[in-house]
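Heads up: the structure comes next, in C-alpha cells.
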4 protein chains.
Amino acid sequence: MAGRHFLQIPGPTPVPDRLQRAMHRQMEDHRSSAFPAFTRSILSRLPQVVHQTKGEAFVFPATGSAMWEAALVNTVNPGARLLAPRFGQFSHLFIQTARNLGYQVDVLEEPWGEAANAAHIEAALMADTTHQIQGVLLVHNETATGVTCNVADVRAAMDRAGHPALLFVDGVSSIASLDFQFDAWGVDCAITGSQKGFMLPAGLGMLFASEKALARVDSCTTPRAYFDLRAMRTNNAQGYFPSTPALSLLYGLDEALTMLLDEGMDNVAARHKRLARGVRAAVKAWGLRECAKRPEIASDSLTAIVVPEGIDARTVIEIAFTRYDIALGSGLSEVAGKVFRIGHLGDMNALTLAGALAGVEMALLDAGVPITLGSGVGAALAEWRVQA
Amino acid sequence: MAGRHFLQIPGPTPVPDRLQRAMHRQMEDHRSSAFPAFTRSILSRLPQVVHQTKGEAFVFPATGSAMWEAALVNTVNPGARLLAPRFGQFSHLFIQTARNLGYQVDVLEEPWGEAANAAHIEAALMADTTHQIQGVLLVHNETATGVTCNVADVRAAMDRAGHPALLFVDGVSSIASLDFQFDAWGVDCAITGSQKGFMLPAGLGMLFASEKALARVDSCTTPRAYFDLRAMRTNNAQGYFPSTPALSLLYGLDEALTMLLDEGMDNVAARHKRLARGVRAAVKAWGLRECAKRPEIASDSLTAIVVPEGIDARTVIEIAFTRYDIALGSGLSEVAGKVFRIGHLGDMNALTLAGALAGVEMALLDAGVPITLGSGVGAALAEWRVQA
Amino acid sequence: MAGRHFLQIPGPTPVPDRLQRAMHRQMEDHRSSAFPAFTRSILSRLPQVVHQTKGEAFVFPATGSAMWEAALVNTVNPGARLLAPRFGQFSHLFIQTARNLGYQVDVLEEPWGEAANAAHIEAALMADTTHQIQGVLLVHNETATGVTCNVADVRAAMDRAGHPALLFVDGVSSIASLDFQFDAWGVDCAITGSQKGFMLPAGLGMLFASEKALARVDSCTTPRAYFDLRAMRTNNAQGYFPSTPALSLLYGLDEALTMLLDEGMDNVAARHKRLARGVRAAVKAWGLRECAKRPEIASDSLTAIVVPEGIDARTVIEIAFTRYDIALGSGLSEVAGKVFRIGHLGDMNALTLAGALAGVEMALLDAGVPITLGSGVGAALAEWRVQA
Amino acid sequence: MAGRHFLQIPGPTPVPDRLQRAMHRQMEDHRSSAFPAFTRSILSRLPQVVHQTKGEAFVFPATGSAMWEAALVNTVNPGARLLAPRFGQFSHLFIQTARNLGYQVDVLEEPWGEAANAAHIEAALMADTTHQIQGVLLVHNETATGVTCNVADVRAAMDRAGHPALLFVDGVSSIASLDFQFDAWGVDCAITGSQKGFMLPAGLGMLFASEKALARVDSCTTPRAYFDLRAMRTNNAQGYFPSTPALSLLYGLDEALTMLLDEGMDNVAARHKRLARGVRAAVKAWGLRECAKRPEIASDSLTAIVVPEGIDARTVIEIAFTRYDIALGSGLSEVAGKVFRIGHLGDMNALTLAGALAGVEMALLDAGVPITLGSGVGAALAEWRVQA
C-alpha cells in the first residue's frame, strides 16, 4: 500500500522520526567510565514526567505490564491482601497478575465504562479495621474503555479511611500523555511502559516509587530476581544497571525526555485534551456514543466508541485496516465486538487525527453504520481550529 | 510541534520509510568489481517507468532542471532555434534555460491555466518550411498551474507537420506518477528529478533519450562537460559513472524502482487519478475553482486552487504552515497570491490527503474564505470510499 | 573523537547496519490480522539457531539474565534443590538468581579459568539417590573467564548417573556464535539474550525449552506472572504475545535470523573459531597468558587475558578507552584488575579484530607491559590469511 | 561477509553514523518561511572550512568535478586561454574539462609523482606578456598519485610574474582534510565535493569564490544555466536555492560543518597528518616506495604505493576486496597496475587504519610481495601511540 499507515491504536503509538534517529545508534560499553553520565541523564529527568520530587524512578528492559509485578514483589509480602476496583480489561489483568503472584485481591466490581469508585474503596478500607490490605491497585486510565479515574479522589478516600495501604497506580496509557501528579496524589508506585506517551517502541518498563514504597523494599520477603529493586538501586547509584541495559530504547528514552520536558508536561496534557475534544465531537456528530459512561471520565488519550446494535465492531476494524490502512483498537473481553477504540496519544496532531477520523468514517459507512461522510471530521475541525 | 508534518507541496514529496532505510547505507567503492551489477539494476529498470524500450536512460547527480540543460547541450547545436509553448512558470523556466544556453526560442504564449495547444505548435512547425527549428520544448505537467498536456496530441501535430524537430518533454511532476508513454508518444528526450514521483530527496536528474536523440550526441558541437552524454555512455556501458555517483540517492532509486515496478506503473497512475478526483471534489464542495481551466487538463499530481478576490493565497499558505503544520505550494509569478497548490503525488494515500484537506479547510476559514468545515473532506471521502 | 569506536566487549556486540535498518521501522498493531505471520517467521526459525527440532522457543522483552528466572519459575517448584558448578562470575550470578528465587543450590566450586567438571557433577548426582535435585545449572560459555564447557560431557554424566534433573544451560555468550546442539546435548532449557551472537541491542531474552521442560510448566506451582510460559504459549499459538512485544527489537531479530541462517550456523561457528585462533596467537606473541587454563576450553567468542603482576588490568582498559577509542571487557569479581577481555563474537571480521589487537598493543605498552608493537597483529594475520 | 567493510579508497569516505542520522530526515518545503535560517546556517559556516573570510561559498546538487565547470563558465569567457600543470589523472581531467568547454589550455607537463612546479608556472606566466591567460588550474592534492602541491608557492609565483590570471584550485581530496588557506593563498576559485573530507555521500559540489572571481560573474559571456552563479546568488541572498536543493545531503552538510568546526580545522589537519605518518611508516617497513617522489609532497589524505616489478597492483586490490573485505584505490591511467592507493581521509582513526594496513599486508603477501605480517602495522602503531 502506498502512503503512510495510520497507527491509531492506544499503543504502540507512532514513533517520531527524531526518536527513531536517536535509537539508530551503535552500541557502547555499558560498564565504561563514560556511561554513568548517560544513566543519570535519564534517571534524573524521568521523575519530572509525573511531577515526582521524592522517591526514585526505575527503568527495566521489560514491558509496562511487567512493572505490575515489579511494583508488587518489592513491596508486598507473599500472600498479602490487596484491594482493587475492576472496571475494564486492564484493571482485570492487574488483578490477575497480583493473584498469579500469590496475593489475595479483594475486587470491587464496577460497570465497564465507569471509573473506579472512590466511595467503594473508602468503604472497603474502612471495613479493614486491622489493616490487612497492603495495597490498592488502581488503573488510572482504563485503556479498554477509554475511562480516566480520579486518582486524587482515591487518595482522599484512603486518607479519610486512615488506611496505610500503598497506592499502586497503573499509568500505562496516561503517563507522559495525561496530567499525572505523583507527589500531589500521594501515589506510592506508578508504572508505565515506553510505547505510549513516551512515543517509543515497547521494551522499557518504568516504575516510580515513593519513599514509603522504597522503605519496604529491603525487608520485603517475596522471592524475586529480575525485578529486584535492591540490585537496581545499588547499580543505579553508581550510574549502571544490574544487567545489560536495552541501549537503543534508552537512547530513545533520553531523547523522548528532552522532547516531553521541552514541550512541558502541562502543554503535553493540554495538547491531548484538545485533540480528545475533537474526537469526542466527531463521535457525537456521527450519532454514536462513547463507552465511557460520563463525559467527565472520558479519557484524553483514547476514545472507545460503541457501535450500533447489529454491527460487529470487529468488522469496522478489519475494513479500516484492509481498505484504508488504519489500525484501530478492538474491544476487549466484555466489550469485544461492541466497541472499537481510537488512540490519540503520543506524537499526534490535529491533521493526522483528522485523517484517522476520515478513515473511521469510511469504515463505519462500509460496515453499515449510517453516518454522513465529513460530519465527524468537520465537527472535530471546529474544535481544532486555531483562531488567532 | 508534535506529530507528523504534512508535506503537501508538489515536490519534494514525502520519502517513504522504506526508501529512507535504503539510503541509510554505508558507502562503497564505485570502481569495484562488484559495482556494475548495481548500476545495471538501475539503468535496466529505469526505462520501464516511462514505458521506454528503445534508446537509453541516464542518471546524473543534479536536479531535474539540470536535465533541461543535459538534454539540449547534447543534441542541439549552438544558437539553434527551438519552439516552446509557455503556459506556466515551469514552461517559462524551460524557455529561459534554453535561452541562457544560447538557443533562440520561438515562444507560443498560452493562457496560464491552459495546456499547450497542439494546433498552435502544428501551425508554427508548418510555417518553418526550412526546418530551422531543432526541437519542441514541452512541459507535460505544468506544476505552477496544475495542468497536464496531451503529449500524444503534440506528437501527432508534429507528425502532421512532417517536421523533424526533436520532442523534449519535461516530466518533472509527471514521470513516475502519471501515465507516461515514452515510446508511444514519440518523445525524444524526457527529463525528471528524484524528488517527485520517485519519492526521494532531490539530487538526481534523470534523462530518457530516444535513438534519434542519441544519434545527435556525438556530432553535437555544443561545448559541454558535466552533462556530456559521451562520457556517461562510455562509463555506463561498463557499469560505472564518469564521476563519483551520488550513492545514497542511487541506493534509494534502486529501491524506488522496486516499489514502483512492483506496484505497476498503470496502478501508480490509477492511484494518482483516484486521489486527484477526491481533491477536485473537495475544491468543488468548497465552492472554489481550480487554476486549470478545463476538467480534462486538470493534473492528477497536484491541484492549483484559486482563492476568492480579496484573499491573498499567501496568507492561506502561511496560516496552514504555522498553525496546522502543513506545507502547501504557493502561486508562482503570474498567479502569485492568487493560487495555492496541493501536491498529491508520490507516496500518498487517501487518509493522509484527507488530513491535508482538513488542514486546508481550517486555513481557508481562518483566512476569511467562508467554507464549511468537513465539506471538502466529506466530498473527497465519497470519491475514496472503497465499496467492496 | 573521529572515526569508528571499537566495541570489543563480549556484549553488546556491534549492531550491523543491516540490523539497524531493520529496526528503524514504524510501529504496527501487534493485534492486527497481519501480525501472526510475523510472529511465526521468528518463532519458527529461532530454534534452528540451536539445532532444536523439538519443544519450543520463546522471546521475552527482557534481558538474557531474566531468562534464568523464566526457565526456573516455570519448571521448578518453590524451594527445590538445584546443582550448579561455579567457575566464574556468570555461573555465580546464575546461582545467586536461583537462590534469590528461593531455590536451594548445591554449588560445585571449580577454579576460575577452569570449565565445569562433568565428573564432579556426576558424583553429586549419584549421591542424590532420592532425586531431590530438580535441575543442573550450567553456563556454557563463562563470559568472565573466556572458558567454554563441554555440554555434551555434562549430559553424558547426567545420563550415567541416571538422574532425571533438568539441564539448564546459559548460552548468553555462546548461542548464535558457538556451536550449540540443543537436541543432541539433551538440553532442557537454554537461554540467551539479543545483544551477543544475535548482534542486536539488549532487550530481548530467548528461552528454548525441551518437551520434558514444557511438560512441567502447567503443574509448576511457583508463583509467576511476567515470565509465565502458560500465557506466552497460549498467545504464541495464535501468533500473538501476551503483552505488547518489543517490536523494534523483534524486527531486528527477524532480520538477524535471516543473516544467521543464510550464513549457516556451522559457518557462523567456524568463523568464530577462526577469529579466536588469531586472537590467541596474538596473546601468545605478546608473551601473555589466557585466563582459560587449558587450550581445549578456551572460548571462541571472547578471550580473557591475564596481565603481568604489578600491572592493573583496569589501567589497560582505561587507556584503551580514552586514548584509542576501544572498549575492552574488564575482569570481574575474583579476577578484577588481573584480567581484561576481548570480545570477538557477533558481526566481526579479521580486519576489525586486527584493528582491535592494534589498540590493545598500544594500550598494553602504554600501561607498562613490554610487548612489541605489531607482534600480536602479525601473529593473528598469519592465522587469518586466506591462502587460495 | 560478516563484519564491517573497510572503505579505504580516497573517496567516498566512510559516512559517520552521526551524519547518516542527520540525513535520515523527512523532506520539507524548500520555499517555506522557515527555510532561510537553514540555508544561512550552511552558507555562513562553509567558508570557515577553508579559512575564507571574503567572497562567497556555493553549494550545488552535483559532484565535485562539476565544480570545475561551474568555476570556469562563470568567470572565463568562451575560448580563453588557461594554464595548467599536469602531474596526475585529476589534473589531466581538469584540463580535459576546460578543453571540452571550449577553452585553450597551455599544459605544463610534470612527472607523475611530482607536484606542480611553481617555477614552471612563473615562467609561463612571465612569457604571457599580454596577459592572454585568464586562469591557472591547479590540483591541490593529486588523488591519483598521493601528491600535495604547495598552493602558496604557486600564488607567490603568480605574484612575482605580476600576472592577473585567476587561480583555480581543485581541493576535492584536500578541503576539509588538509590545511586549506583560501584567503592567505590568494585562491580565486576553490572547489570540492561532499564525499571526501566532508564525510558525506557524493552529490554536493562546493565552490568557494573570491571577490575578484565574483566580479567577473555578471559580465562573463559564457552560456550557462545550471551552474549560473547569478541565479544562485540571487536566491542565496534570500535564503533559497534556484532549484530544489538536495535536502538530505544538505542536512548532512549542516551537521558535517558542526563536526568539523567543533573539532577545529587545525585539529582536523593535524589528525590527518598524524594518521598519514603511520601509513608512510608502514610502507617503509614493507620495503615499498610511495608514488610521491619526495617526502615533502606526500599527501596526508591518501598514500599511493608502488608495487614491485612483476606484480600487478590490480591483483593486490582484487585480493584485498574479495578475501579481506577492504576496498583500496587503483592506479589510474599512467600508473594503472603499478600503484594501489590507501585513502586515509575523513572520519578515520588509528585503529581503523591499523585494520586496513593489516588487510593490505595479507593482500600483498597473497599477491606475492614478500612482506612480513605485522611489520607495517607495528611501524604505524609506533607513530600512533599516544604517550601521555
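Laboratory data are not the source of any read-out in this text; all were calculated from the coordinates shown. These numbers come from a predicted model, not from an experiment. Quick reminder, even Gly has a Cβ in these numbers, built from the backbone with ideal geometry, and neighbours come from all protein chains shown.
Values as computed for the structure displayed
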read-out: Exam field: C:LYS212 pseudo-label spacings to other copies (7 Å along Cα-Cβ), nanometres; value: 5.0, 8.1, 8.8
read-out: In order through the stretch A:16-31: 3J(HN,Hα) via Karplus (6.51 cos²θ - 1.76 cosθ + 1.60), integer Hz, x for Gly, Pro; value: x, 3, 4, 6, 4, 4, 4, 7, 7, 10, 5, 6, 9, 7, 7, 10
read-out: Förster radius 35 Å - calculated FRET efficiency between A:GLU296 and A:ASN235 (Cβ-Cβ, nearest 0.05); value: 0.20
read-out: A from D by rotation - nearest chain D beta carbon to the axis, in Å; value: D:ARG21, 2
read-out: Cα-based reach from C:LYS196 at 17 Å (exclusive), listing lysines while leaving out same-chain residues under 8 positions away; value: C:LYS273
read-out: For C:LEU302, distant residues with modelled amide H under 5 Å away; value: C:HIS344
read-out: Straight-distance crosslink candidates among lysines, where the alpha carbon sits under 16 Å from D:LYS338 and sequence neighbours closer than 8 are dropped; value: D:LYS293
read-out: Cα-centre dipole for the stretch A:17-263 with unit charges at Cβ (Lys and Arg positive, Asp and Glu negative), debye to 20; value: 620 debye
read-out: For the stretch B:258-298 versus the stretch B:1-66, the gap between their alpha-carbon centres in whole angstrom; value: 24 Å
read-out: The stretch C:17-263 - Rg (one decimal) and Dmax (whole number), Cα, Å; value: 17.7, 56
read-out: Inter-label distance, nm, simple model (7 Å from Cα along the C-beta direction), C:SER41/A:LYS284; value: 4.4 nm
read-out: Ascending list, in nanometres, of distances separating the C:THR130 label from those of the other copies (7 Å, Cα toward Cβ); value: 3.6, 11.8, 11.9
read-out: For the stretch A:198-259, size of Cβ-based charge dipole, Lys and Arg +1, Asp and Glu -1, in debye; value: 260 debye
read-out: Alpha-carbon Rg/Rh ratio, for the stretch C:190-257, with Rh computed the Kirkwood way; value: 0.99
read-out: Chain A: calculated mean residue ellipticity at 222 nm from DSSP helix runs of at least 4, using -39500 (n - 2.57); value: -12500 deg cm²/dmol
read-out: Using alpha-carbon coordinates, inclination of helix C:89-100 to the longest axis of chain C, degrees; value: 30 degrees
read-out: For A:GLU109, label point 7 Å along C-beta direction: distances to other copies, nm; value: 5.9, 8.4, 10.2
read-out: Helix axis angle, B:229-238 relative to chain B longest principal axis, alpha carbon, degrees; value: 90 degrees
read-out: Spin-label model distance (nm) - D:GLU334 vs C:ASP218, 7 Å beyond Cα toward Cβ; value: 8.4 nm
read-out: Shape call, the stretch B:5-80: gyration tensor on alpha carbons, a/c limit 1.5; value: oblate
read-out: Degrees separating the helix A:350-367 axis from the principal Cα axis of chain A, which is the longest one; value: 60 degrees
read-out: Check: the stretch C:66-146 dipole with +1 on Lys, Arg Cβ and -1 on Asp, Glu Cβ, in debye; value: 240 debye
read-out: Near-label residues of the stretch A:239-274 by backbone N, under 13 Å of a point 7 Å along Cα→Cβ of C:GLN96; value: A:241-244
read-out: Selection from B:VAL169, B:CYS220, B:ALA382, by position along the positive dipole direction of chain B (Cβ); value: B:ALA382
read-out: All Cα pairs of the stretch A:336-388, percent lying beyond 13 Å; value: 63 percent
read-out: Sparse-neighbour loop sites [GluC sites (Glu not before Pro); the stretch D:252-333; at most 14 other C-beta within 10 Å; DSSP]; value: D:GLU309
read-out: Candidate aspartates and glutamates - alpha carbon under 14 Å from D:LYS212, same-chain residues fewer than 8 apart omitted; value: D:GLU56, D:ASP183, D:ASP188
read-out: Reduced Cα scattering model of the protein assembly as shown, Debye log10 I(q)/I(0), q = 0.07 Å⁻¹; value: -0.88
read-out: Prolate/oblate/rounded call for the stretch B:243-357, Cα gyration tensor, a/c under 1.5 rounded; value: prolate
